[in-house]
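FYI, it's all coordinate maths here, none of it is from the lab. These numbers were taken from a predicted model, which means no experiment stands behind them. Heads up, the Cβs are rebuilt from the backbone with ideal geometry, glycines too, and the neighbour counts pull from every protein chain shown.
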């Protein structure tokens, strides 16, 4: 209303709205609306894209400090319905020089460790990547054997230990495969490239 500090406004779209005050200008809301409408994926992807677009377009006239995102979904929390939690995503950055990018970084960790939304086609056969996994786990101190490229019980135990230490319990598979997101994280953590 009239009490808002300029620029203040809103845009109503198809099943969404963006609004704000003390913004650099109307272009902030326009950028956010466009990003929301054109981003593929789930609600959380659209919201993060809108925040990023608004920030990139100039954001708040006062500068940058904080960013947050909450997405609720029935049985969406860690543990699903067993825990009775509906918070699919609940992240906040209270004080940071680049809060939106920090929020996106935190979401990437949240997605990797908590969310279960992997692309079914993005998985590797453990037997095919055993050598790389052994090298990575050796470098990180989890595997004491040699990097033979042969998937053995010690490799699997070391991988399970590493996954547990990195909060990937809900990403463990029992079909002889590893999610691509987990494999790439392991390689990155060990400072190895994927060959």
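Given R₀ = 25 Å, FRET efficiency for residue 62-residue 167 by Cβ-Cβ distance, to 0.05?
Taking R0 as 25 Å, the efficiency between residue 62 and residue 167 is 0.10.
What FRET efficiency do you get for residue 128 and residue 10 if R0 is 35 Å and r is their Cβ-Cβ distance, rounded to the nearest 0.05? So, using R0 = 35 Å, E works out to roughly 0.10. Each label point was placed 7 Å from the Cα along the Cα-to-Cβ direction; for residue 152 and residue 27 their separation is 6.2 nm.
Go ahead and estimate [θ] at 222 nm for the chain from helices alone: -39,500 (n - 2.57) per DSSP H run with n ≥ 4, summed, over the residue count, rounded to 500. Let's see the in-between values first.
Details: 6 runs with 75 residues, N = 195.
After summing the helix terms and dividing by residue count, I get -12000 deg cm²/dmol.
The computed volume of the Cα convex hull per residue in Å³ for the structure shown corresponds, within [x] 131; [y] 141; [z] 156, to [z].
Scaled against 2.2 N^0.38 Å for its residue count N, the alpha carbon radius of gyration of the stretch 123-189 is 0.96. Would you mind checking the tilt of helix 180-189 against the longest principal axis of the Cα atoms of the chain, expressed as 0 to 90 degrees and rounded to 10? Tilt of helix 180-189: around 80 degrees. Length gained on full extension, residue 78 to residue 121, computed as 0.36 nm times the residue gap minus the Cα-Cα distance: 13.2 nm. Across the chain, the relative contact order, built from alpha-carbon pairs under 8 Å that are at least six residues apart, equals 13 percent. Hydrodynamic radius of the stretch 1-60 by the Kirkwood approach over all distinct alpha-carbon pairs: 11.4 Å. Does anyone have the angle between helix 130-139 and the longest principal axis of the chain? Alpha-carbon axes, 0 to 90°, nearest 10? Helix 130-139 sits roughly 80 degrees off the main axis of the chain.
Taking the longest Cα principal axis of the chain as reference, the axis of helix 153-165 is set at about 20 degrees.
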